[in-house]
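The values are calculated or read from the model by the stated rules, or taken from the named source; none is laboratory data. Since the model is a prediction, treat every value here as computed from it, not as a measurement. Cβ placement follows ideal geometry from the backbone for every residue including glycine, while neighbour counts extend to all protein chains displayed. Surface areas here come from the heavy atoms of the whole protein model, side chains and all, with no ligands, DNA or RNA. Shrake-Rupley method; radii C 1.70, N 1.55, O 1.52, S 1.80 Å.
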Amino acid sequence: MEPQTAKILALETATEGCSAALWVDGTVTQRFEVMPRAHARLILPMMDALLAEAGLTLKDLDALAFGRGPGAFTGVRAAVGVVQGAAFAADRPVVPVSTLAALAQQAVDAGASRVLAALDARMGEVYWGAFEAREGLARAVAEECVCPPESVPVPAVPGWTAVGRGWTAYGEALLRRLEGRVDALPQADCIPRAAEVARLAVGEWTQGRVVSAESALPVYLRDRVAEPPREAR
Amino acid sequence: MIAAAPDQTAPPLCVLGIETSCDETGVALYDTRRGLLAHALHSQVELHAGYGGVVPELASRDHVRRVLPLVRRVLEEAGETGDTLDGVAYTAGPGLLGALLVGASVARSLAWGWGLPAVAVHHMEGHLLAPLLEDPAPEFPFVALLVSGGHTLLVDVQGVGRYRILGESLDDAAGEAFDKTAKLLGLGYPGGPALARLAAEGDPGRFRFPRPMTDRPGLDFSFSGLKTRALTAFRDTPPDATLAADVARAFEDAVVDTLAIKCRRALEQTGHGRLVVAGGVGANRRLRAALQVMAADRGGAVFFPRAEFCTDNGAMIALAGALRLQAGERAGLEIQARARWSLEGV
């Protein structure tokens, strides 16, 4: 793939990993840490350091990108809050990128052509997405969903690579469900990162698929989060 | 005496304040010279009403959709931009962690993007200083009574950041007791204001509830027993047309009397003449009247913020932040949010 002329700052805080990445005309630099409950402390210093090292300011960027989920609700909202504030302040457009797609991109970069990405959604469920490599980029081939491992959508064809900690948590149940359609589990323990968010965002930005700061919002997938309202007395 | 108002000899500061600690999204612009320039609030009361209480995850999900549109609106109303501001203040706690994180992450990154200093404000400090939004503003020192759905506190306020807690509720907060009692009387949630309206029609002589913890020294409160007394009276009396109103009246009288007795005691103990009342229950009319009478009787003065600044709001955070920025305080790039945070530790 040709290095693309773009300057994009990306962040990804939806899972255990907290990361920021700066894409400058095809070269990416990244800060990445796995430190539970430290995302809020780490993310802005990471972004600040990346820009400082590159001698850039927010105003020099073409866009900001963020992992829009699915993932831990609080983590997804940390990314959203930060990208909203920074993009509004610098008047830059925003590129939302699926956290599952960013995860799948790691497998694509390692040579996979079809990827089943799974994150542990807790409560006996996984966040689930199916992707294919097209021109080196992970492209969704089905709607992302949240469901128990026993009922993930089964693809028609074999030859899939598994990626993400959903496979660590529910590997057996998922393999049983997929009945031989998965080749191997080489990337099962990798974590979504900002570098791949940036990489996927470049193409989106090139095609004008951007949103305003206010429209940079989370994708939770799990929408039933409270008991239905009780009958009013 | 230290003037409580902003220092007018220092360069003026224009500060954006963001509050998301519970179920209100509040955004405001405060200028140390020009005063409050604009403020906007989105209340989630209807969102949570059917659940009988605030659902934290729903609160966070709503905040993340509301904060930035309110920021844009407030800036436009005041005719300000990031270039004309001097800082950003945000509520860093105490409160619902997930809700706090939304406002904190937007606010901190706005300040970063604008290249402005940020300051992390204690929610209760915002309430304590809210009366400074009014004219006349109280001067330091004063006693503050903070009464809301989450807190009942008496605080000795010597100056910005110089707070000593004199007493607090050992169980339910006053506002919580109002809401729970309202629920027992079938007034829905949150029913505190509805209970106060109903009490206005009640007979003050029909029931008399105790004034908890006033028969012994000290400035702590306990309101959960009153809720039980109200339930017992309501359940064990044959129903009639005015029963609910009469119980509501006895309950409100007991809470108001108790708060007034403890406020008087706090003023006597500290020797201060000024009492400042803040928090949602501070909007209660009978409480306001009782505290006016008590303060006048002592030859002192009582200060209330207007009703909209008694409840959670961005204006008090912008104000508290401006005073702290003026004092040279600066928050780092880390996004701060703490569910628990002692007011004495700020």
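Long-range amide H contacts for B:Gly93: which residues qualify at under 5 Å (H placed 1.01 Å from N, peptide plane, sequence gap of 5 or more or a different chain)?
Amide H neighbours of B:Gly93: B:His123, B:Arg338.
Would you work out what percent of the accessible area of chain A, with all protein chains in place, is carbon or sulfur (probe 1.4 Å)?
50 percent
Once all Cα-Cα distances of the stretch B:14-78 are split into 10 Å bins that start at 0, what whole-number percent is in each one?
Calculated P(r), rounded to whole percents: 23, 45, 24, 8, 0.
Run the reach check for A:Lys59 against lysines, Cα to Cα strictly under 16 Å, same-chain hits fewer than 8 apart removed. What comes back?
Answer for A:Lys59, where 16 Å is the Cα cut-off: A:Lys7, listed by chain and number.
Mind grabbing the accessible area of B:Leu96 for me, 1.4 Å probe, Å², rounded to tens?
50 Å²
If you keep only loop residues by DSSP, which trypsin sites (Lys or Arg not before Pro) in the stretch A:1-54 have at most 16 other Cβ atoms within 10 Å of their Cβ? Please list the in-between numbers first.
On the way: sites: A:Lys7, A:Arg31, A:Arg37, A:Arg41; in loops: A:Arg37.
Taking the stretch A:1-54 and a limit of 16 other Cβ atoms within 10 Å, the loop trypsin sites (Lys or Arg not before Pro) found are A:Arg37.
Let me know the Kirkwood hydrodynamic radius for chain A, please, with Cα pairs as the basis and the value in Å to one decimal.
It works out to 17.9 Å.
Output ³J(HN,Hα) for the stretch A:160-176: one whole-Hz value per residue in order, computed from phi by the Karplus curve 6.51 cos²θ - 1.76 cosθ + 1.60 with θ = phi - 60°, and x for Gly and Pro.
Each residue's phi maps through the Karplus curve to give 9, 9, 8, 8, x, 6, x, 6, 5, 6, 10, x, 4, 5, 5, 5, 4 Hz.
Rounded to whole Hz and in sequence order, give me ³J(HN,Hα) for the stretch B:119-133 from the Karplus expression 6.51 cos²θ - 1.76 cosθ + 1.60, θ = phi - 60°, writing x for Gly and Pro.
9, 9, 9, 6, 3, 6, 4, x, 4, 4, 8, 3, x, 6, 6
Please compute the alpha carbon radius of gyration of chain B, then divide it by the globular-protein estimate 2.2 N^0.38 Å. Two decimals is fine.
Compactness ratio reported: 1.00.
Of all the Cα-Cα pairs you can form in the stretch A:99-187, what percent are over 22 Å apart?
Details: 508 of 3916 pairs.
When all Cα pairs of the stretch A:99-187 are counted, 13 percent exceed 22 Å.
Antiparallel DSSP bridges in the protein assembly as shown: what percent, to the nearest 5? Don't skip to the answer; put the middle values down first.
On the way: 55 of 86 bridges.
Around 65 percent of the beta bridges assigned by DSSP in the protein assembly as shown are antiparallel ones.
Remind me, relative contact order of the stretch A:99-187 in percent, using alpha carbon pairs under 8 angstrom and six or more residues apart?
Worked out over the stretch A:99-187, it gives 29 percent.
If you count only protein heavy atoms with a 1.4 Å probe, what accessible area per residue comes out for the protein assembly as shown, rounded to a whole Å²?
The answer is 39 Å² per residue.
As a check on your grasp of the helix formula, calculate [θ] at 222 nm for chain A: sum -39500 (n - 2.57) over DSSP H runs of n ≥ 4, divide by the residue count, round to the nearest 500.
Per the formula, -10000 deg cm²/dmol.
Using a 1.4 angstrom probe on the protein heavy atoms only, line up A:Leu174, B:Leu116 by accessible area, largest first.
Highest to lowest solvent-accessible surface, that is B:Leu116, A:Leu174.
Assuming a ≥ b ≥ c are the square roots of the Cα gyration tensor eigenvalues, decide whether the protein assembly as shown counts as rounded (a/c under 1.5), prolate (otherwise, with a/b larger than b/c) or oblate.
Oblate shape, in that a/c is at least 1.5 and b/c is the bigger or equal ratio.
What ³J(HN,Hα) values, in whole Hz, does the Karplus curve 6.51 cos²θ - 1.76 cosθ + 1.60 give for the stretch A:201-208 when θ = phi - 60°, with x put for Gly and Pro?
5, 4, x, 4, 4, 4, 8, x
Where the centre of each part is set by its Cα atoms, how far does the stretch B:130-191 sit from the stretch B:223-271, in angstrom?
Each part's Cα centre sits 16 Å from the other's.
Once the Cα atoms of helix A:39-54 and of chain A are each reduced to a long axis, what angle between those two axes, in degrees from 0 to 90 to the nearest 10, is obtained?
Approximately 50 degrees, to the nearest ten.
Taking amide H positions as placed 1.01 Å from N in the peptide plane, with prolines and chain starts having none, which residues 5 or more places from B:Thr152, or on another chain, fall under 5 Å of its amide H?
B:Ser169, B:Ala174
Leaving out ligands, DNA and RNA, what percent of the accessible area of chain B is carbon and sulfur, probe 1.4 Å? The partial results should precede the final answer.
Values: 6510 of 12940 Å².
Result for chain B: 50 percent of the exposed heavy-atom area is carbon or sulfur.
Give the lysines whose C-alpha is closer than 28 Å to that of B:Lys227, dropping any in the same chain fewer than 8 places away, or say none.
Within reach: B:Lys180, B:Lys183, B:Lys262.
What's the buried accessible area, both sides, between B and A using a 1.4 Å probe, rounded to 100 Å²?
When B and A are taken together, about 2800 Å² of accessible area is lost.
Quick one: check the C-alpha center-to-center distance for the stretch A:64-92 versus the stretch B:277-346, whole angstrom.
Each part reduced to its Cα centre gives a spacing of 31 Å.
For the stretch B:140-304, take every pair of Cα atoms, bin their distances at 10 Å starting from 0, and report each bin as a whole percent.
11, 41, 32, 13, 2, 0
Just grab the label-to-label distance for A:Asp25 and B:Arg206, each label 7 Å out from Cα along the Cβ direction, in nm (one decimal).
Modelled inter-label distance: 8.2 nm.
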